[in-house]
1. So which residues in segment 8-48 are within 12 Å of the ligand (Cβ to nearest atom), out of contact with any helix residue (DSSP H, G or I) (no Cβ under 8 Å at 6 or more places or on another chain) and part of a loop (DSSP other than H, G, I, E, B)?
2. Can you report the number of residues in segment 95-133 which are farther than 20 Å from residue 55 by Cβ and either out of contact with any Ser or Thr (no Cβ under 8 Å at 6 or more places or on another chain) or of a type outside the set (Gly, Ala, Ser) (or both)?
3. If we keep just the residues of segment 186-202 that are touching a residue at least 60 places away in the same chain (Cβ under 8 Å) and surrounded by fewer than 16 Cβ atoms within 10 Å (Cβ to Cβ), which is nearest to residue 46 (Cα to Cα)?
4. Residues in segment 75-119 that are more than 9 Å from the ligand (Cβ to nearest atom), in contact (Cβ under 8 Å) with a residue 40 or more places away in the chain and assigned to a loop (DSSP other than H, G, I, E, B): how many?
5. Can you name the residue in segment 49-74 that is in a loop (DSSP other than H, G, I, E, B) and under 16 Å from residue 171 (Cβ atoms) and is also nearest to the chain's Cα centre (by Cα) among such residues?
6. Which one of the conditions (1) within 14 Å of the ligand (Cβ to nearest atom); (2) surrounded by fewer than 21 Cβ atoms within 10 Å (Cβ to Cβ); (3) outside any helix (DSSP H, G or I) does residue 129 fail to meet, given that it meets all the rest?
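The values are calculated or read from the model by the stated rules, or taken from the named source; none is laboratory data. Just so it is clear, the model here is predicted, and its values are computed rather than measured. A quick note on method: Cβ atoms are made from the backbone with ideal geometry, for glycine too, and the neighbour counts reach across all protein chains shown.
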Amino acid sequence: MPVSSGFCYVFPMDKDQIYSDSLANIADFSFDAQVADVFTDMIERSVPGYRAIITMIETLTEHYAQPSSNLYDLGCSLGASTLSMRRGMAVDDCRIISVDNSDAMVKRCRKAMDRDLRDTPVEVVCDDIRNVEIDNASVVVLNFTLQFIPPEERLRLLEKIYQGMCLGGVLILSEKVVFPDEHLNGLLRDIHHDFKRAHGYSDLEVSQKRSALENVLIPETTATHRERLAQAGFASVDVWFQCFNFMSMLAVK
Ligand code: GEK
């Protein structure tokens, strides 16, 4: 693990075994304490390209953070993106606001921020990102969070973010996606499951986790995201990263 990546020293890496035993009833997935305890291991073994995206958030912050502005990490979990923003901070007088509505995540995120020695102030807020005011924002990160918001509420959230951003600010939007072509959609879904098996998840774990997420994580096509971002007001929008059915977009105001 590269020393410069930093977050391996901040977060516990307990192994995710939540779905390893056969469950009689599979409840909807929730970001509770059990998940928060194993979250780093879970997301790294489940989301192809996760670490590359986290690393690039540092570079994008270096490029887009404006002096005396706010940066937002919406759906921050344990704060991996927040720490990347902190590492990439190259201008003065900025503040990072990190928001998550999981109490378990927020508690652990606050501890991780205390252990990190960089000095950009971070406020970790336990709230729904739909309730949080966005103001004077030069960088906004939605790293695999919008997919958990009901689709009919996504435009309103993106409009609010756009309204609260500075001119020249960037939104980094990462999402699991589906594809309009049935064959490619099936292929990329299967390849993603192969990725999970290659990272040690059993067939049972893959299938029970998929059931748990079914009504909770609603993926859309890249075209839908692109159109919605344009509708929210963003002038420049495109994909900068994709690995199988996981992608990340930049939307610049
Ligand atoms: C990372 N961005 O490591 N309001 C606030 N938080 C929410 C909401 C909501 N309405 N819905 C979901 N969350 C992180 C990874 S994980 C992605 C983000 C994943 C939070 C939820 O509690 C969880 O912590 C996070 O969004 C999604 O870069 O698990 O696939």
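1. Of everything in segment 8-48, those that are within 12 Å of the ligand (Cβ to nearest atom), out of contact with any helix residue (DSSP H, G or I) (no Cβ under 8 Å at 6 or more places or on another chain) and part of a loop (DSSP other than H, G, I, E, B) turn out to be 30, 47.
2. 27
3. 199
4. Qualifying residue count, segment 75-119: 2.
5. Applying the filter and picking the extreme gives 65.
6. All conditions are met except number (2).
For (1) touching an Asp or Glu at 6+ places or on another chain (Cβ under 7 Å); (2) modelled with pLDDT under 95, each residue gets a yes or a no:
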| site | (1), (2) |
| --- | --- |
| 15 | yes, yes |
| 19 | yes, yes |
| 30 | no, yes |
| 38 | yes, yes |
| 54 | no, no |
| 59 | no, no |
| 72 | no, no |
| 81 | yes, no |
| 86 | yes, no |
